[in-house]
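The values are calculated or read from the model by the stated rules, or taken from the named source; none is laboratory data. Here the structure is a predicted model, which means the values were calculated and not measured. Because the Cβ atoms are built from the backbone with ideal geometry, glycine has one as well, and the counts that use them run over all protein chains shown.
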Amino acid sequence: MASNAREFAAGGAGGFKKKDLTTDKVLDAESLYLLGDESSIGDSTTITVPVDSKIEVSIYNQQKSL
């Protein structure tokens, strides 16, 4: 199965994006997904998260490395 992680995840080192998820998604195993604050999942939308994956919602505007 092709990875949709980049499409689903927030903007990487440039910051976190608000995402409005309106279609069903099955996330990749052993993956970390990042979402921006104020992201939403539609009422009838199903997100399947494997037990070995994680979704984090960031309240920060930017992600930086030391």
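Observations on the structure shown:
- Annotation: of all residues in region 2-34 being of a type in the set (D, E, K, R) and exposed (fewer than 11 other Cβ atoms within 10 Å of the Cβ), the one that is modelled with the highest pLDDT is GLU30.
- Scanning region 35-66 for residues that are in contact (Cβ under 8 Å) with a residue 24 or more places away in the chain, over 12 Å from LYS18 (Cβ atoms), surrounded by 10 or more Cβ atoms within 10 Å (Cβ to Cβ) and not small (Gly, Ala, Ser) turns up THR45, ILE47, ILE55, GLU56, TYR60, GLN62, GLN63.
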